[in-house]
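Take a look at the structure below.
The values are calculated or read from the model by the stated rules, or taken from the named source; none is laboratory data. This is a predicted model, so every value here is computed, not measured. Here Cβ is always computed from backbone atoms with ideal geometry, including for glycine, and neighbour counts include all displayed protein chains.
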Amino acid sequence: MRKGGMTARVAAAILAAAMVMTDVVPAFAAENLTVETTDKGAVSGVSKVIGLEGKYSSNTMQSDDGQVEKDYAYVNPALRYDSVLVTGTKETLLDAATGLYKKGDVYYAYFDEDNSTLSGKVAKVYPGTSQPPQQDATGFYVVDGKKYRSYDESYSKKKDEYGNEVDDYEKPVLSYYFLERNEVEVIGAIPGGPFATYEAMQNAVETAYGQKVSAADTSVKYYLANGKAYENIRFTDTDNGKWDEASGNFVHSYTGTVYAYKRSEISFDRKYHNISWNKVTNETEVESGGKLLKVGYQVKVDGQAVELGDLAVSQDKKTVEPIQTRNVYNSSSSKSYTAAEKAKYEVRAVYYTEAVVASDEHDGYGVGTISKQIVKTGDWSEFTYNWSQKQVNVPVVTGLKWVQKNAKKARISWNAVPDASKYKIQSYKSADPVNVATLKEDDWEEEGSTGTRTYYDRNNADLGRLPVLDENGNYTYDADGNQIYKEVNYIYFRVCAVVIDDNENEVEGAYCAPCAVTANRNTNAPVVTGLKVENNDNGTFRLVWKPVDVNANVMVLYSKSDKIFQSQEYTYLYRNATGKDSLGRTQKLTAINALKDKMELADKQLKDYDVPAGQNYISSRDLELEPGKKYYFAVLTYDTSKHDDIRTALTTQTVMVNGKAESVQFVNYNDVSVSARVSATLGLGIDVPSTKSGKKSITMIFGRNDAVTGYEIYRKSGKKYKKVKTVSSTEYTDEGLKESTVYDYRARAYYYNPETKAKKVYSDYVYFSAETGNSNYIDLRVTKKSKTSATLKWTKVSGATQYDIYRAYLTSTDTNLSKSNGFGNYAKQQSNQKFELVKTIKKAKTVSWTDKKLKKDTSYTYVVVASYKSKKVTKQIYATDTVIMKVETPKNVKTSVSGTNVKVTWDKDKFATKYEVSYKKYDNKYYDGDNDAYYGGYEDHWTVKEVKKNSYTIKNVAGNEYVVIRVRAYGSKKWSDPEEVTQEGNEKLKAAQSVKVKEVTEKDAKGVKSTAVKISWKKVSGAKYYKVWRSTSPASFYNADKKSYETNGRVEAIAKESNNDESTSANVVLYKEYKAQNNTIVATSAIDRGNLRTGVTYYYYVQAFGENGDTISGYSKPASICYKVSPSIKKLTAKKGKVTIKINKVNGASKYEIYRSLKKSKGFEKIGTTKKNSTSFVDKKVKKGKKYYYKVVAVGTNGLKADFASGASAVKSIKAK
C-alpha cells in the first residue's frame, strides 16, 4: 500500500471513524456536493477562488520524420477512463447474484482495492441462468440497439494454491455482461474481397481507410471511415476456402467486416478543456483542533461534481466528497469539446485536516493511512469556457547592435521580447558592403538560435570565404580548374523572436532591420614559452605553459614519434600555404610531390587538441593517450587573419608546369608559432576505494578512471596478500567473510588493449582496510534554540546502548613559538581545546538534547559518541558539530525544486535580524546544432534580496539551468560570511523504467551470424528521445530525490555499428535518430552492436530527454548481461551411485561450478568445481532412487583479462541409480 494511499478497507474505516451517529446511509456525493459556505475573509475563513482561466489541450500524432504534427482529441474519452472512487469494501460492493460490483444502480466489472476504485462500467448484464448472448450474421452482438464484438462472463471466486483469488470455472456462470468501453461501430465489409491471404485482407483495410499525417509517411497514422476518424480499426475474418482437387491445395477465400471501438474515435476539431486558478493559501488560519489546515479544491462541470484525485469526509460528516490539491482540472478523462461547445466550471476551495486511521494493512511506512475531513468551504467561483485558437502577434526585435568583445569575438545583442521562448538568427556574408534592402529572403542563411538569451557571439577574425561569380552569376575557376574564392569582410545579422502559442506551436515574428559585423584580422600568434609536464599521483599529468593572449588560437600537438618534430615541415599542415605558378594557377604547399610522403606521415602520426580560449594548461585526460606509451608534445599558436596577404615567401618549392620544373614561392599562409618540446608517459592512477560493510561482506567502489580497464584485488592472509579477484568493474563485493572482522586489502588498476593484445599496464598498489558488520552511521546537527541555548539532534544508531555528549568551548594557547610545532620554516604555538562530558543518555530512543545557559559570542563544539554492541563487543562511532552564540554563517543551507521555482532554506539564527540571498543563473545546456555541442551561458550580475524569514524562493529557473546561491546573516550591525550552494533546475523527466536486455543473433548480407544485445524500456512521459549508455560497472548509488541511479564506472554510448578499427572514433557508428544528434534514439528499444567482449558483464543505463535536451532524466536502474556466456548441461548420466555431468564448452571458461538440489527451483548448493579446462564432473554423493536437479556456472577470464562468472544454466534432473 502506498504511503497516504487509501485501500477500500481503509476507506471504509475512515468514513466510519469520521461519521457522526446518523441514520443517513453514507454515499459518495458525486452529484450533490455539500454547499456550506462562509462569507468571512481569508483570515478566518476560506478565500474564494480567483484567477479562473481556460486553455485547451489535445493529443498529437506525428509524421514519420517528426516534422509534421496533427492535434486530435478522443470523441468519447469517458469510455477510455471509466474508473470511479468508492468508499466501500470488496464485500460491501460485490453483488453476489451477478458477481459484479455495484455503485448505486450501476454495475462495474473490476475493483482496485489498493486505490479504492471501480472500473469497467457495465452497459448490460444478463443472469447466468439465461442463454448466453448470440451473435448476429455479421459476428456482432446487438444489445439495446448498440453493437459489441464480445461479452464477458462472471464466476464465483475461490483461492488457488498460492492464496490468490481466481475464478471458479467449476461452478455455474453468475452473469453475462457487456462493457460500455467495448461498444463498436460497424463500418462495413472489407472492400475488394474475397482475399486469397490474410495479409491481402489487411492491406485492403489499410488502403481503404488508412490515413497519413504527411504525404511522405510510409506508415498509417489513423483511419477514416464513414466520415469519422479512428485511432485504430479492426476487422473480423472468415475463411470460406475450399480444397482444390486439381492442385491438391487448400485455396483460401477470406472475407470480413470492418469495425472500430467507439472509444478509439478521434476528432481533429475537438479539444480538452484545461482549467486553472490561483492557489488559495491559509497563512493566518492554519489549524483546527490542533491539526494543520490544508487547502483542497472541489470542481463542478455544468452543475455536476466530477471525479477528482481523492475523497474527503464532508463537513457534515454524512458523505464523502471528491477533492484534489492541484489548482488545475483537465477534461481529458471525461469529455472533449468543439470550439462552439461551452462548459460552465465551478470551483471552490476547502480547508481539510488529515488524520491517521488504523488499519490491518502494513507497508514500509507503518500501520495506517490518511483520512481527510473537510472543515470549512469557500464560495463557488463560476467560469464559462469554450476554446479558440488565438492569433499570436510577435513583436519585432529592437535594439540590434554589435560590439567587439575581444580580438576574435563580436557580440550581437538586442532587447528582450516579452514571452519569447527563443530567438532565431540569420546572416548574410559579403566581401563588400551591401544595401540590405535589396536582399531577397532566400539570400539569408540560418545562423542559429539562442534560446532565451538576448545575445549571440561570433568569431569575426575569420568570417570564411565566398565563391567569386562572373557577370552571369556563374562560378569562376582558375587555370587548373580550381574554384576561385574571396574573403568575407562583412557579415550582416538579423534576428526574430519566437513565441509559443496556446497550442504550443512556435510562432515566428518578423525579422528586424540588420546590423553589419566587420572582419578583424590583426595577427595574433605568440610563441608559447615555459612548457613543462606536471605529473599527478593518479598517473595522469598536466601540460602547463606561461599564459598567452586570451584571443590567441592555441593547439597542443602530440605524437609517439619524436622524429616528426625534427623539421618545421610538420607545421605546413597548419600554415595552409599557397603560391601562384607562371600560369597563375594556385599551388598548395601540402600537395607538392616532394613533400607528399612527409605530409601524409605527419598527418598520420600527429594529433592535435584545440585549447579553450584563455587556458594555459591541459590535462592528459583531454588527449587520446594510451597508458604506458611515451608521447612528445609541443604547443602551437596560429592566426588565419592574414592568410591571403602576399608576404615574404614561407618556402620555395619546385613544381611541374606544362611538364617543366618551375620554382614557386609560397607567400600566402597562416601565421604559426611553435614551442619547445617535452615528453611524458601516461601512467595509471588508483585511489583508495570507498568501502561499504555488510554483515559478512565488504563492497569496495573505485573512483572513475576512463583509462583503467579493471582492478586486481588482494586480501591479506597471514603475512601475505592473496589475489581474490580480477574485475573489469569499478565495484566488487568480497563475500563469505567472518562477521565483525577487520580485513586488510591491496589493489592495483590495470590497462589492457583487447585489439593489440599487448601486455597489461599496471598502477601502483593502494592499501586499505575494512570491517564487516560496520554498518552503523551517525550524523549530528546543532542549532540555536534561543540566545542562551542550543539543541542537538542526531540520527538514531541501531543497537545503541548509550549516547555520551562532550562539549568544548575553552581553549589554551602557549605563548612560546617553535618550528618543531610548525610546518616548513614557520613556527607556531601549541594549543588545546578542552572537552568535558556534559550528558550521558542511556535511552536508545532519545536522539536530541538541549544545552542551556550558554554564553554570548562563544563557540561551542559538540561531540556525540554512540556506544553499541557488535557480537558482545562494545564499539563507538561519533559525530561532531559546532555552534557560535552570535550571528554566524548560515547553517544547513538546503535547496528544493518545485516546477521552475528553487526554494532555499537554512537554520534560523536567533541572533540574526535579517538575511541576504544572492544568486546567479547559469545556462548549462545550450545546444549548438552546427557543432553538435552544448555550451553554457550565465547572467552578468548577481541578484540580491534581503529577507526576514529563513527561506527564499528563486523563480523561473529552467530545467536546463542551474543557479548558484549565497546566503549570509545580519545581526548586531554586522554581516556573517556567506554560505554557497548550487542547484540545478527541475529535470522534470522521470527515469526510464523496466529496462531489459537480451542477446540477439543477427545475420549480415552474406549470412554470417553475429551476437548483439537488445535493450528495451518503457516509454517515459514527455521524452522526445533517449540515450543508452553501456558500462562495465553496476550502479554505485541511488539518488532517492531524483529516483535515478549513478555509477562510478566509465559509460559510453551504444553502437549502431562497429568494427575492429584501432581508432575509437572510427570503430563505431552511433545512433542519430533525433535531429541527427549523436547517441539519440526515439524508440523504446535499440540494439547494441559495439565491440563487446566475451565474458564481460555489461550494464545498460537509459536516459530520457525532452525537446532539444532542455529536460533530462537521471540514469535508469541498469540491466546487465554477461556477453556470450551461456553455460548449458549437455548430458546427465546416472550409474551405480554416481551422476556424471557433461557440460557444453563455453568460450573463455576455464572451470565450471556445479550446483545441486533436491528441488527444481530452490535449495541449490555448490557441490564442486570441474578441473581446469574440463567439461565433465562426477557427483559421487548421490543416493539410489532419489531425483537430483543440477545447474552449472561457467567461470574463467573474459575479453578484458578479468575474471567472470556466468549466470546459471537451465536446470536438468536425473534419478540416481
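Pick from Y428, Y423: which is in contact with a helix residue (DSSP H, G or I) (Cβ under 8 Å, 6 or more places away or on another chain) and within 18 Å of A510 (Cα to Cα)?
Working: Y423 fails: in contact with a helix residue (DSSP H, G or I) (Cβ under 8 Å, 6 or more places away or on another chain).
Residue meeting the stated conditions: Y428.
Within the set of pairs 6+ apart or on separate chains, which have a first residue in the range 92-114 that is assigned by TED's automatic domain parsing to the domain that holds Y155 and free of Cβ contacts under 8 Å to residues at least 12 places away in the same chain, a second that is surrounded by fewer than 18 Cβ atoms within 10 Å (Cβ to Cβ) and polar (S, T, N, Q), and C-beta atoms under 8 Å apart?
From residues that are assigned by TED's automatic domain parsing to the domain that holds Y155 and free of Cβ contacts under 8 Å to residues at least 12 places away in the same chain, the pairs are Y110/S119.
Can you give me the number of residues within the range 656-670 that are crowded, with 19+ Cβ neighbours inside 10 Å and either in a strand (DSSP E or B) or of a type in the set (S, T, N, Q) (or both)?
Matching residues across the range 656-670 total 4.
Just one of (1) in the same structural domain as G464 (by TED's automatic domain parsing); (2) at pLDDT 80 or above trips up K408, so point out which.
In the conditions (1) in the same structural domain as G464 (by TED's automatic domain parsing); (2) at pLDDT 80 or above, K408 misses (2) alone.
Conditions: (1) under 28 Å from S641 (Cβ atoms); (2) crowded, with 16+ Cβ neighbours inside 10 Å; (3) out of contact with any helix residue (DSSP H, G or I) (no Cβ under 6 Å at 6 or more places or on another chain). Y572 meets all but one. Number of the miss?
(3)
From S818, S763, S775, S831, which residue is at pLDDT below 90 and within 30 Å of A1035 (Cβ to Cβ)? Walk me through how you get there before you give the answer.
On the way: S818 fails: within 30 Å of A1035 (Cβ to Cβ); S763 fails: at pLDDT below 90; S831 fails: within 30 Å of A1035 (Cβ to Cβ).
None of the other options fit; the residue is S775.
If you scan the range 330-354, which residues turn out to be exposed (fewer than 15 other Cβ atoms within 10 Å of the Cβ) and assigned to a loop (DSSP other than H, G, I, E, B)?
Initially, the range 330-354 is screened for residues exposed (fewer than 15 other Cβ atoms within 10 Å of the Cβ), giving 338-342, 344.
Once the filter is applied, which keeps residues that are exposed (fewer than 15 other Cβ atoms within 10 Å of the Cβ) and assigned to a loop (DSSP other than H, G, I, E, B), the range 330-354 yields A339, A340, E341, K342.
Please give the number of the condition G539 fails out of (1) at pLDDT below 90; (2) of a type outside the set (S, T, N, Q); (3) within 17 Å of V672 (Cα to Cα).
Result: G539 passes all but (3).
Please determine, by comparing only the residues of the range 216-245 that are in a loop (DSSP other than H, G, I, E, B) and more than 34 Å from the chain's Cα centre (by Cα), which one is farthest from R80 (Cα to Cα). Working first, answer last.
As a first pass, look at the range 216-245 and keep what is in a loop (DSSP other than H, G, I, E, B): 216-221, 226-227, 231-233, 236-237, 240-241, 245.
Adding the requirement that they be more than 34 Å from the chain's Cα centre (by Cα) leaves 226-227, 233, 236-237, 240-241, 245.
Numbers: N226: 22, G227: 21, I233: 16, T236: 22, D237: 26, N240: 35, G241: 38, E245: 50 Å.
Taking the candidates together, the pick is E245.
Quick test for you: out of N1039, N1091, pick the one residue that is outside the structural domain of T733 (by TED's automatic domain parsing) and closer than 23 Å to N1198 by Cβ.
Going through N1039, N1091 in turn, the sole match is N1091.
Which of the residues belonging to the range 643-661 are free of Cβ contacts under 8 Å to residues at least 60 places away in the same chain, closer than 21 Å to N576 by Cβ and of a type outside the set (A, V, I, L, M)?
Matches in the range 643-661: D645, R647, T648, T652.
Grab the strands (runs of 3 or more DSSP E) fully contained in the range 387-450, keeping just those with 2 or more residues being closer than 30 Å to G54 by Cα.
It comes to 420-430.
Could we say that Y777 is assigned to a strand (DSSP E or B) and either outside the structural domain of K843 (by TED's automatic domain parsing) or in contact (Cβ under 8 Å) with a residue 40 or more places away in the chain (or both) here?
no
For the range 126-154, how many residues are in contact with an Asp or Glu (Cβ under 9 Å, 6 or more places away or on another chain) and closer than 30 Å to G309 by Cβ?
Residues meeting the conditions: 1.
Across the range 213-263, what is the total count of residues that are out of contact with any Phe, Trp or Tyr (no Cβ under 8 Å at 6 or more places or on another chain) and among the charged types (D, E, K, R)?
5
Among the residues in the range 1137-1148, are any of a type in the set (S, T, Y), at pLDDT 95 or above, buried (at least 19 other Cβ atoms within 10 Å of the Cβ) and not assigned by TED's automatic domain parsing to the domain that holds R1093?
no
Restricting attention to the range 834-872, and to residues there that are part of a loop (DSSP other than H, G, I, E, B) and under 42 Å from the mean Cα position of the chain (by Cα), which single residue is surrounded by the fewest Cβ atoms within 10 Å (Cβ to Cβ)?
Initially, the range 834-872 is screened for residues part of a loop (DSSP other than H, G, I, E, B), giving 842-847, 852-858, 871-872.
Those left that are additionally under 42 Å from the mean Cα position of the chain (by Cα): 844-847.
On the way: A844: 16, K845: 7, T846: 13, V847: 19.
Applying the filter and picking the extreme gives K845.
Is there any pair with a first residue in the range 706-718 that is outside the structural domain of D1203 (by TED's automatic domain parsing) and modelled with pLDDT under 95 and a second that is hydroxyl-bearing (S, T, Y) and part of a strand (DSSP E or B) whose Cβ atoms are under 8 Å apart and which are 6 or more apart or on different chains, and what are they?
A707/Y751; V708/Y750; V708/Y751; T709/Y750; T709/Y751; G710/T726; G710/Y750
Of the residues G364, G378, which is at pLDDT 90 or above and either surrounded by fewer than 12 Cβ atoms within 10 Å (Cβ to Cβ) or in the same structural domain as V328 (by TED's automatic domain parsing) (or both)?
The conditions single out G378.
Taking strands (runs of 3 or more DSSP E) that fall entirely within the range 246-327, which contain at least 3 residues that are in contact (Cβ under 8 Å) with a residue 60 or more places away in the chain?
Output list reads 257-261, 265-267, 270-276, 294-301, 310-313, 320-323.
Counting only residues that are of a type in the set (A, V, I, L, M, F, W, C), give me the strands (runs of 3 or more DSSP E) lying completely in the range 984-1096 with at least 1 of them.
Answer list for the range 984-1096: 996-1003, 1009-1016, 1025-1031, 1037-1039, 1051-1053, 1085-1088.
Here's the yes/no breakdown for (1) surrounded by 15 or more Cβ atoms within 10 Å (Cβ to Cβ); (2) outside any helix (DSSP H, G or I); (3) small (G, A, S); (4) modelled with pLDDT under 90:
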position	(1), (2), (3), (4)
M599	yes, no, no, yes
G614	no, yes, yes, yes
G628	yes, yes, yes, yes
A634	yes, yes, yes, no
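Would you point out which residue out of S582, S561 is in a loop (DSSP other than H, G, I, E, B), in contact with a helix residue (DSSP H, G or I) (Cβ under 9 Å, 6 or more places away or on another chain) and not assigned by TED's automatic domain parsing to the domain that holds T476?
S561 is the lone residue from the list that is in a loop (DSSP other than H, G, I, E, B), in contact with a helix residue (DSSP H, G or I) (Cβ under 9 Å, 6 or more places away or on another chain) and not assigned by TED's automatic domain parsing to the domain that holds T476.
Whether any residue in the range 1148-1165 is within 27 Å of V1096 (Cα to Cα), of a type in the set (V, I, T) and free of Cβ contacts under 8 Å to residues at least 40 places away in the same chain is what I want to check.
For the range 1148-1165, residues within 27 Å of V1096 (Cα to Cα), of a type in the set (V, I, T) and free of Cβ contacts under 8 Å to residues at least 40 places away in the same chain: present.
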